[in-house]
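Throughout, read-outs are computed from the coordinates displayed, never taken from laboratory work. Computed from a predicted model, the values in this text were never measured in an experiment. Glycine gets a Cβ as well: all are built from the backbone with ideal geometry, and neighbour counts include every protein chain shown.
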Amino acid sequence: MFLVPLTRTSELARNFDRLFDDSFDRFFSASNGNDSTRSPALDVTESDRGYTVHLDLPGVAKEDVQVSIDGRRITVQAQARRSEDKKDGDRVVYRERSAASFARTFTLPLEVDQAESSAKLDNGVLTLALPKRGARTASQITVS
């Protein structure tokens, strides 16, 4: 029989449980409801024409994602907001989900064409299509 605890006695116990589910950064940071910056997992694949990058951004709306390209360096920043939907008379009994920000910068082997680059957010996964070519100045692209 598997029992699910209804309450937890301390913040330390909750953080210890998360040690195996989340990154060490979250375990050692104070999670008192404040935003915490996370580094999203990513996959990069290369073809003859360019790179395809997949980043996990759960709970993020496309309006809250910024992608910057500067030559070979790609920077992704995102903000996941906590929903405050409550009905009259409801009270929060237990809350583990919180607002968080995501940030990740990585460098590709070759420069990408900023004008032809695209970004798409679908089901919490950001997909970047980054064609190869020389880039001259930093810019941002719009997430669709």
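Measuring r between the beta carbons of Thr142 and Arg82 and using R0 = 30 Å, the FRET efficiency lands at 0.75. The packing ranking, built from the mean of other Cβ atoms within 10 Å per residue, places the peptides 119-127, 52-60 in the order 52-60, 119-127, highest first.
Judged by the mean number of other Cβ atoms found within 10 Å, the most tightly packed of the peptides 97-108, 37-48 leads the ranking 97-108, 37-48.
For the pair Lys62 and Tyr94, a Förster radius of 22 Å applied to the C-beta separation gives a FRET efficiency near 0.15, rounded to the nearest 0.05.
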